[in-house]
Amino acid sequence: MDPGFTRSLDDLLASASRLRPGQVVVLGLPSDRGSSFLRGPARAPGCILSALLSPATNLCAENGLDLRADPRWVNLGCLELPDDERCHAHIEMAVTGALERQARVLALGGDHAITYPIVKAHAGTYPTMTLLHLDAHPDLYDELDGSRTSHACPMARIMESGLVKRLVQVGIRTSNPHQRRQAERFGVETIEMGDWAQCLDLELDGPVYLSLDLDVLDPAFAPGVSHHEPGGCSTRDVLRLIQGLKAPLVGADIVELNPDRDVAGITAAAAAKLLKEILARMLAP
Ligand code: MN
Ligand code: MN
């Protein structure tokens, strides 16, 4: 079967109702209606899943965990999403369906706008959650090009709704005066790319949700994104951060792969590698 198979919301909720507590679901959310510059990320989930299951590699995480036949995670495929304002409500319902079964969600975008409804779904279950946000961009615009649901705005929506206890941003390198004021207003903790030390030790407690925008990586490691921002981190920097997380990881997303911009599948392979390590981290005892 196509690893990025598409299913309706009803079909997905029926599958979600059979999940077991503690399971991790990989869920494709193919929406790029929040994109401001180029569309394309809607086709990312299938590319990431194909790279994950490619015979070019295996499903072993670096800690030795073999994910191939591990029943603790399941690929739920891609949710069919309407290309209109109902999109966020559908995402929230799908994620809530999994959380109600005490499962955890690892979502594949899509552009970064999807993180707002995902985090909204998590806020009820995890009221003291820390949002760890890896990105070249702070995504704190109050609005962009007349849209408040742009992929440049999700962190502003999350913070003004009080959905998380802390927002910790890492890898930022494009903050303008407006976004700096927003960060100040919301009490965002920012580790700019220029201050990211090799042995970055994040003092995080309680439940953590990880939102990983692939453009945090330098374009040399991830050319397949809509917004190239040189001076970024390496794939290894992000792997080290994921593997070193001590707080419980209750959910995650990987967003902003744009297959149209990818070169020889390098970015899809990087996303699949990160997916594997996030899964291993979520399944760690
Ligand atoms: Mn982003
Ligand atoms: Mn970004």
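The values are calculated or read from the model by the stated rules, or taken from the named source; none is laboratory data. All figures in this text were calculated on a predicted structure; none of them were measured in a lab. Here Cβ is always computed from backbone atoms with ideal geometry, including for glycine, and neighbour counts include all displayed protein chains. Side chains included, ligands, DNA and RNA excluded: accessible areas come from the protein's heavy atoms. Shrake-Rupley method; radii C 1.70, N 1.55, O 1.52, S 1.80 Å.
How many percent of the accessible area of the range 127-206 is carbon or sulfur, using a 1.4 Å probe? Kindly include the intermediate steps, with their values, before the conclusion.
Details: 1710 of 3570 Å².
Result for the range 127-206: 48 percent of the exposed heavy-atom area is carbon or sulfur.
What is the gain in length, in nm to one decimal, between Glu192 and Arg72 on full extension, counting 0.36 nm per residue of separation less the C-alpha to C-alpha distance? Let's see the in-between values first.
Numbers: separation 120, 0.36 × 120 = 43.20 nm, distance 3.52 nm.
Answer, rounded to one decimal: 39.7 nm.
Under a Cβ-only charge scheme (Lys and Arg +1, Asp and Glu -1), can you give me the dipole magnitude of the range 11-85 about the Cα centre, in debye to the nearest 20?
Working: 7 positive and 9 negative charges, 44 e Å.
My answer is approximately 220 debye.
State to the nearest 20 debye the size of the charge dipole of the range 95-194 about its Cα centre, where the only charges are +1 on K and R beta carbons and -1 on D and E beta carbons.
Working: 11 positive and 11 negative charges, 62 e Å.
The dipole of the range 95-194 has a size of about 300 debye.
From the Cα gyration tensor of the range 94-235, with a ≥ b ≥ c the square roots of its eigenvalues, which class applies: rounded if a/c is under 1.5, or else prolate if a/b is larger than b/c, or else oblate? Provide the component values of the computation, followed by the final result.
Values: a/c = 1.41, a/b = 1.32, b/c = 1.06.
Here the range 94-235 falls in the rounded category.
Picking from Gly265, Gly77, Gly187, which is most flexible by a Gaussian network model of the chain using Cα springs under 10 Å?
Largest GNM mean-square fluctuation: Gly187.
At 27 angstrom or more along the helix axis (alpha-carbon based) and mean Kyte-Doolittle of -0.5 or higher, what helices does the chain contain? Whole DSSP H runs only. Before the final figure, lay out the partial values.
On the way: long enough: none.
What comes out of the filter, once short or polar helices are dropped, is none.
How much mean residue ellipticity at 222 nm does the chain get from its helices, if each DSSP H run of length 4 or more adds -39500 (n - 2.57) and you divide by all residues, to the nearest 500 deg cm²/dmol? Write out the running numbers ahead of the final one.
Working: 8 runs with 83 residues, N = 285.
Theoretical 222 nm ellipticity from helices: -8500 deg cm²/dmol.
State, to one decimal in nm², a quarter of the convex hull surface area for the C-alpha atoms of the range 6-282, i.e. the direction-averaged projected area.
On the way: hull surface 52.0 nm².
For the range 6-282, averaging the hull's shadow over all directions gives 13.0 nm².
Give me the percent of DSSP beta bridges within the chain that run antiparallel, rounded to the nearest 5.
Working: 3 of 40 bridges.
Percentage antiparallel, nearest 5: 10.
With only Lys, Arg, Asp and Glu charged, each at its Cβ (+1 for the first two, -1 for the last two), find how big the charge dipole of the chain is about the Cα centre; round to the nearest 20 debye.
The dipole magnitude comes to about 720 debye.
Would you mind calculating the relative contact order of the chain from Cα pairs under 8 angstrom and at least 6 residues apart, reporting the percent as a whole number? Intermediate values should be presented prior to the final figure.
On the way: 626 pairs, mean separation 64.3, N = 285.
It rounds to 23 percent for the chain.
What's the Kirkwood radius of the range 220-262 in Å, using all Cα pairs?
On the way: mean 1/r = 0.0818 Å⁻¹.
Here the Kirkwood hydrodynamic radius works out to 12.2 Å.
Which far-off residues, 5 or more places away or on another chain, put their amide H under 5 Å from the one on Arg104, with H placed in the peptide plane?
Gly22, Gln23, Val24, Val25
Please list, by residue number, every one of the GluC sites (Glu not before Pro) in the range 185-224 that is coil in DSSP and has at most 12 other beta-carbon atoms within 10 Å. Could you put the intermediate results ahead of the total?
Working: sites: Glu189, Glu192, Glu203; in loops: Glu203.
Those satisfying the criteria are Glu203.
Mind checking which of His137, Pro55, Leu108 is farthest towards the positive end of the range 2-153's charge dipole, using Cβ charges of +1 (Lys, Arg) and -1 (Asp, Glu) about the Cα centre?
The Cα lying farthest towards the positive end belongs to Pro55.
Which residues does a label at Ile266 reach in the range 101-139, if reach means a backbone N under 18 Å from a point 7 Å past the Cα toward the Cβ?
Within reach of a label on Ile266: 136.
Between Asp142, Asp111, Asp32, find the one with the highest GNM mean-square fluctuation for the chain; connect C-alpha pairs within less than 10 Å.
Top of the fluctuation ranking is Asp142.
Above 26 angstrom, tally the Cα pairs of the range 33-155 and express them as a % of all pairs, no decimals.
Working: 2217 of 7503 pairs.
Tail of the P(r) past 26 Å holds 30 percent of the pairs.
Per residue and in cubic angstrom, what volume does the convex hull of the Cα atoms of the range 177-285 have?
Working: hull volume 12.5 nm³, N = 109.
Expressed per residue, the convex hull around the Cα atoms of the range 177-285 is 115 Å³.
Find the centroid of the Cα atoms in the range 99-161 and in the range 189-210, then give the distance between the two in whole Å.
The distance from the Cα centre of the range 99-161 to that of the range 189-210 comes to 18 Å.
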